[in-house]
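Read the structure below first, then the notes.
The values are calculated or read from the model by the stated rules, or taken from the named source; none is laboratory data. None of these values were measured; they are calculated from a predicted model. FYI the Cβ positions are ideal-geometry reconstructions off the backbone, even for glycines, and counts take in every protein chain you see. To get the accessible areas, we keep the full protein, side chains included, count just its heavy atoms, and leave off ligands, DNA and RNA. Shrake-Rupley method; radii C 1.70, N 1.55, O 1.52, S 1.80 Å.
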Amino acid sequence: MTRTRTSLSALQRPLRGLLLGLALVCAGFAANAQSIGRLNLQQGTVSVSSAGDDRWSAARPGRELGAGDRIWTDRNARAEVYIGPAALRLDGGTYVEFTGIDEDTIRINAGRGNLQLSVRDMASGQRISIDTPNLSAVIGAPGEYRIAVDEADTTTTWAAVASGHLTLRGQNGISQLLTGRQQTTVSGRNLTTVRTTRSQNGSFDTWVAERGRYDDPVRYAQPAVAVPPAALIARQQQIEYEQARQQAQWMEQQRAAQAAQQQQLEWQREQDWPQQQEWRRQEDWRQRREWRDRAEQDRWQQQQQQQQLQLQLQQQQRQALRQQQEMQQRAAQAQALQQQQLLQQQQAAQMQLQQQRAAQQQALAQQQMLRQQQELQQRTAQMQQQAQAQQQALQQAQLRALQQQRGTPPQPGQPAGDDPRRLWTSPDSRQ
């Protein structure tokens with residue numbers, strides 16, 4: 001029974017080694033097939049998200065980036081990714097997704113932001129395609145390239161070629177070729193040229209030039225492995241299976257060495273633990289400092305916005321006060337005009353009243369004069385009557401005197417005892 005178990009164990013060891021070798025080979029083959037680039041350098045806050053995962057995490061230099069992985073650079077951040085013989089440099093506020101690779105093309109999706117691609121060498125037939133929301137920029141030769149997607153209008157893309165040649169492809173087979181020292185800004189999928197002046201980012205240009213001076217071709221990763229067709233995959237798997245079977249025994253012998261190495265690694269990890277803790281502490285302190293600086297900058301921007309709002313509010317208040325003062329002046333002028341018109345009306349009414357009073361006084365004077373005239377006429381009539389009566393009395397006295405002189409007897413009705421001398425006296429003296 002013991003021998004049987006020993007025999008089975010002896011048979012299982014090579015089988016386990018063979019399966020382990022196959023798994024390692026397949027995993028390595030798959031990793032090489034899916035790896036597109038690696039993050040070489042970062043400045044500021046850079047986040048990555050793995051394929052099929054919506055969560056974002058802080059990026060670390062040396063991270064491998066495969067198909068479906070995404071990378072985002074925060075404001076005022078920078079990132080450099082090595083893609084085979086090319087260096088992809090990202091400005092702050094840039095979003096990039098590594099779509100994948102086929103037999104001859106590396107595909108990158110640039111959703112927004114500003115990026116620069118420095119291609120040192122390319123094999124014959126290989127291409128790098130950078131897709132934006134409105135076009136596909138295909139790089140087919142070594143050179144220096146710049147592509148930027150407008151943040152305000154993502155359907156507008158700016159492309160510039162310092163050296164090399166770049167093909168812009170839109171819909172319905174529309175294409176445009178850019179060579180060295182050429183640039184253009186196009187909008188929409190019809191590649192409509194937009195004649196606008198693009199604002200330059202001097203700090204990013206300076207950083208790109210500095211990275212280009214310190215760039216080292218040896219530090220580039222090996223060119224990304226294109227995914228072979230199904231027939232090549234099957235043949236490669238068969239070759240790897242044969243190699244794994246031949247190496248199964250060797251891997252079994254290496255297991256003990258690996259265990260020893262694992263123990264050494266564990267010991268080294270324990271020794272490196274304080275350094276890792278210190279590095280994490282420094283990294284946390286750096287992130288807190290960045291967050292604090294960002295908070296200070298946001299606070300400063302808020303203060304600037306508040307000051308601008310206060311200035312606008314003060315200007316609006318001054319304008320409202322001026323309008324109110326103008327309205328008050330206009331109201332005062334209108335009131336003064338109304339008072340002047342009312343005073344004129346009062347003066348006119350007073351003049352009319354004076355005229356009426358003058359007319360009344362004139363009428364009263366006329367009436368008084370008329371009364372005086374009537375009284376004068378009455379007095380004149382009375383005096384005339386009195387004069388007539390006196391004249392008649394005088395005439396009668398003269399007549400009586402004549403009669404007396406002639407001896408004429410007094411007329412009937414004449415008093416006999418009248419003294420003729422009294423007839424010559426005035427009627428007033430006789431009273």
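Here the condition is being surrounded by 10 or more Cβ atoms within 10 Å (Cβ to Cβ) and at pLDDT 85 or above; of GLN333, GLN246, GLN237, GLN263, it holds for GLN333 alone.
Counting only strands (runs of 3 or more DSSP E) that sit wholly inside segment 116-174, those with at least 1 residues that are under 17 Å from ASP205 (Cα atoms) are 143-149, 156-163.
Within segment 246-267, one or more residues are over 30 Å from GLN42 (Cβ atoms) and of a type in the set (Lys, Arg). The set of residues from segment 36-50 being crowded, with 19+ Cβ neighbours inside 10 Å, under 22 Å from GLN276 (Cα atoms) and over 33 Å from the mean Cα position of the chain (by Cα) comprises LEU39, ASN40. For GLN307, the stated conditions hold: it is at pLDDT 90 or above, under 30 Å from ASN76 (Cα atoms) and open to solvent by less than 100 Å² (accessible area, probe 1.4 Å). Just to be sure, is ALA110 more than 29 Å from the chain's Cα centre (by Cα), surrounded by 22 or more Cβ atoms within 10 Å (Cβ to Cβ) and part of a strand (DSSP E or B)? Answer is no for this residue. Each residue in segment 170-182 was checked for being in contact (Cβ under 8 Å) with a residue 24 or more places away in the chain and either open to solvent by less than 20 Å² (accessible area, probe 1.4 Å) or under 33 Å from the mean Cα position of the chain (by Cα) (or both), and 1 pass. Quick one: would you say SER203 is among the hydroxyl-bearing types (Ser, Thr, Tyr) and open to solvent by 30 Å² or more (accessible area, probe 1.4 Å)? Yes: the conditions hold for SER203. Scan segment 51-77 residue by residue and report those that are surrounded by 15 or more Cβ atoms within 10 Å (Cβ to Cβ) and within 19 Å of ILE36 (Cβ to Cβ). Residues satisfying the conditions are ALA59, ARG63, LEU65, GLY66, ALA67, GLY68, ASP69, ARG70, ILE71, TRP72, THR73. For first residues located in segment 271-291 and under 15 Å from GLN43 (Cα atoms), partners that are among the hydroxyl-bearing types (Ser, Thr, Tyr) and lie 6+ apart or on another chain with Cβ distances below 9 Å form the pairs GLN287/THR45; GLU290/THR45; TRP291/THR45. When segment 129-148 is filtered for residues that are closer than 15 Å to LEU90 by Cα, open to solvent by less than 40 Å² (accessible area, probe 1.4 Å) and either in contact with a Leu (Cβ under 9 Å, 6 or more places away or on another chain) or not assigned by the TED database to the domain that holds VAL186 (or both), the ones remaining, listed by number, are ILE130, TYR145, ARG146, ILE147, ALA148. In segment 75-103, the residues that are outside the structural domain of GLY143 (by the TED database) and of a type in the set (S, T, N, Q) never reach a residue that is at pLDDT 95 or above and open to solvent by less than 30 Å² (accessible area, probe 1.4 Å) with C-beta atoms less than 9 angstrom apart, at least six apart or across chains.
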